[in-house]
Amino acid sequence: MNGPDASASEPDLEVAGLHVLYGGIAAVKGVSFSVARGEIVALIGANGAGKTSVLKALVGLVPAARGSVRLFGRDATGIPTHRRTALGATLVPEGRAIFAGMTVRENLELGAFLKRDPVTLGQRLERVLALVPRLGERLAQAGGTLSGGEQQMLAIGRALMGEPRLLLLDEPSLGLAPKLVAQIFGSIVEIAKTGLTILLVEQNTRLALETAHRAHVLVTGEIVLSGRCSELRDDPRIKAAYLGEAL
Amino acid sequence: MSEFFQQIINGLSLGSIYALIALGYTMVYGILKLINFAHGEVFMMGAYSGYYLASWLGVERYQAAGRGFPLGLALVVLVLAMAASALLGVLIEALAYRPVRSAPRLTPLITAIGVSLFLQNAAMLLFTPNPRAYPPILRELRFAAGGVIVTNIKLAIFVVALALMVGLHLFVQRTWTGRAMRALSMNIDAARLMGIDVNATIRATFAIGSALAAAGGILFGLDQITINPLMGVLTGLKAFVAAVLGGIGNIPGAVVGGLLIGLAEQLTAGYLSPDYRDAITFLILVVILVLKPEGLLGVVRQEKV
């Protein structure tokens, strides 16, 4: 139903030979993959495998030392973050990064910084509040006073306010109780149904493989395994290394 | 008692000038964590641009004819000097701070000191080191009430400063650029992800802070009668103390800090000795740094992991 759109001529995201260096040390070493329109793709891997670095390079928060990033068929390799947001690619960063001193409403409205038309802004706010539960009753509250789960909801809702076409999610389950994780992933699936393309970075391999269509496994900055999630779930290497099942 | 009220009026008027300058320090620090040591020189340049603009608009002719400078023209002087200083602030940011923005924090601090010294010396070269009498863009009128003398100049200083501060508050709270500034001061990467152009927003911050400093410069010239190329050193430092006192990075804090420093200075000069008027500011700095380093309205920032 909401699978990849085969008719789209170019993928929404295309990464080729991406390298990210931190002071000469390579965190990402030649990663290539693509995400088609309407697809949910997961990047999985252990702590320090370079997942967050890949996401940051995709939105330009860290520079790509080598390789290219194409967004919606256009070369986006060197352009600054705010212009990638304008193209339609938005990252919900690890640790949420909400504006703690602003109210929930102000946070959400800032998400619409590039699409600030007051008429549609109000409509979008209603739509987003319907997609991400529990924010509606907290609009006047300072963002910093929300619980971890609510902050994650807020970060996702804030990104949606800008009407992105490609949503990059970095560890949405981080530090949350299992019940909240289920709720947030429920929201992600709902959001995907609206036609958004999603790249999901997640340490919780089981959850990621249940949510996404395809996945890539990252080990020390390189993709070592790729495939459809239904196949990867049964792959003995995945079972042993990430799902905690003995061979 | 009238003596006391006199000091309060003078203190509030001087303090509102400090507050205008302190706002520029605090806005830039809030976003870049940079102490813009050249800000005192932007204040000085603002005073000089007001001086030259007023003379270009013929303030001497009005004076010679025994007439006051028209209020409309005085406002033109204020607005154009603010615009010129905004440009100067943007230029300083582009040339001296942006190239070293990702360098260790000591580097931009040193370039700031460099810009400050450069502007002081450029001003001595351009305007000569001699103090100049500030043109009477407002003709002084005195009102006496119960032993307290209020001049229209002290009132105008307070009113202009207050109007600018209210304007700034509305700008920061209500406009999208103002929101972008607040977002930047809270989380620069998250602001980028919202689609905020960080460079443009920092430029706007420097423009606004510098324009406010220029207004402070003109009001200072009116208040203190003379200006000179080194006027930004001590006054800039006091305004910086005001920003620290209120809580650096905090906009209402800069206003409160500025008014308190102005009051403390006037009361010290009036009741203790004029010799201590400068010392009291720095005594306050030491006390606040020891007792409440985050400032009166500042909050202790927790570094998130």
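Every number in this text was worked out from the coordinates using simple rules, so none of it is lab data. Given the structure is predicted, the values throughout are model-derived calculations rather than measurements. Quick reminder, even Gly has a Cβ in these numbers, built from the backbone with ideal geometry, and neighbours come from all protein chains shown.
May I ask which residue of B:ILE31, B:GLY217, B:TRP56 lies farthest towards the positive end of the charge dipole of segment B:25-230, with charges of +1 (Lys, Arg) and -1 (Asp, Glu) on Cβ and the Cα centre as origin?
Going by the charge dipole, the pick is B:ILE31.
Treating only the Cβ of Lys, Arg, Asp and Glu as charged (+1, +1, -1, -1), what charge dipole size does chain A show about its Cα centre? Round to the nearest 20 debye.
Its charge dipole is roughly 300 debye.
Provide a whole-number value for the mean count of partner chain Cβ atoms within 10 Å of the Cβ atoms in peptide A:95-107.
Shielding by partners across A:95-107 averages 4.
Which whole-number percentage describes the relative contact order of segment B:25-230, with Cα contacts under 8 Å and a sequence gap of 6 or more?
Reported relative contact order: 41 percent.
Which links in A:LYS56/A:LYS179; B:LYS33/B:LYS292; A:LYS51/A:LYS239; A:LYS29/A:LYS51; A:LYS115/A:LYS179; B:LYS238/B:LYS292 stretch past 22 Å when you go from one Cα to the other?
Correct reply: A:LYS56/A:LYS179; A:LYS115/A:LYS179.
Take the Cβ-Cβ distance between A:ASP117 and B:LEU272 as r, set R0 to 51 Å, and report the resulting FRET efficiency rounded to the nearest 0.05.
Result of the calculation: an efficiency of 0.30.
Just how far, in whole angstrom, is segment A:77-149 from segment A:202-232 if you go by their alpha carbon centroids?
28 Å
With +1 assigned to the C-beta of every Lys and Arg and -1 to the C-beta of every Asp and Glu, and no other charges, what is the dipole magnitude of segment A:28-91 about the Cα centre in debye, to the nearest 20?
For segment A:28-91, the charge dipole is close to 100 debye.
Mean-square fluctuation check for chain A, GNM, Cα pairs under 10 Å: which of A:GLU202, A:GLU94, A:GLU126 is largest?
A:GLU126
Dipole of segment B:25-230 (Lys/Arg Cβ +1, Asp/Glu Cβ -1, origin at the Cα centre): which of B:PHE143, B:LEU164, B:ILE113 lies farthest to the positive side?
Selected residue: B:LEU164.
Any idea what angle helix B:71-92 forms with the longest principal axis of chain B, computed on alpha-carbon atoms, 0 to 90 degrees, nearest 10?
Helix B:71-92 sits roughly 30 degrees off the main axis of chain B.
Round to the nearest 10 and give me the degree value, 0 to 90, for the angle of helix B:2-32's Cα axis relative to the longest principal axis of chain B.
The angle comes out near 30 degrees.
Which far-off residues, 5 or more places away or on another chain, put their amide H under 5 Å from the one on A:VAL219, with H placed in the peptide plane?
It is A:VAL224, by chain and number.
Averaged over peptide B:193-206, how many Cβ atoms belonging to another chain are found within 10 Å of each residue's Cβ?
Counting Cβ atoms of other protein chains within 10 Å of each residue's Cβ and averaging gives 5.
Compute the Cα gyration tensor for segment B:168-305, then decide on rounded, prolate or oblate, letting a ≥ b ≥ c be the square roots of its eigenvalues: rounded whenever a/c is under 1.5, prolate when a/b is larger than b/c in the other cases, and oblate in all that remain.
The shape class here is oblate.
How would you rank A:ARG37, A:ARG70, going from fewest to most other Cβ atoms within 10 Å of each one's own Cβ?
Lowest to highest Cβ neighbour count: A:ARG70, A:ARG37.
I need to check one value: relative contact order of segment A:139-247, counting alpha carbon pairs closer than 8 Å and at least 6 residues apart, in percent.
Worked out over segment A:139-247, it gives 18 percent.
What angle do you read, to the nearest 10 degrees and between 0 and 90, between the alpha-carbon axis of helix B:251-271 and the longest principal axis of chain B?
Result, in degrees: 40.
Among A:PHE33, A:THR103, A:LEU160, whose Cα projects farthest towards the positive end of the dipole of chain A, with charges put on the beta-carbon of Lys, Arg (+1) and Asp, Glu (-1)?
The listed residue farthest towards the positive side: A:THR103.
Fewest to most neighbouring Cβ within 10 Å: what's the order for B:LYS238, A:LYS179, B:LYS154?
A:LYS179, B:LYS154, B:LYS238
Taking the beta-carbon count within 10 Å as an exposure proxy, list A:GLU14, A:GLU137 from fewest neighbours to most.
Ascending number of Cβ neighbours within 10 Å: A:GLU137, A:GLU14.
Assigning unit charges at the beta carbon (Lys, Arg +1; Asp, Glu -1) and nothing else, what dipole magnitude in debye, to the nearest 20, does segment B:25-230 show about its Cα centre?
Taking the Cα centre of segment B:25-230 as origin, the dipole is about 260 debye.
Taking the Cα centroid of segment B:190-206 and of segment B:246-300, what is the distance between the two, rounded to the nearest whole Å?
Here the answer is 31 Å between Cα centres.
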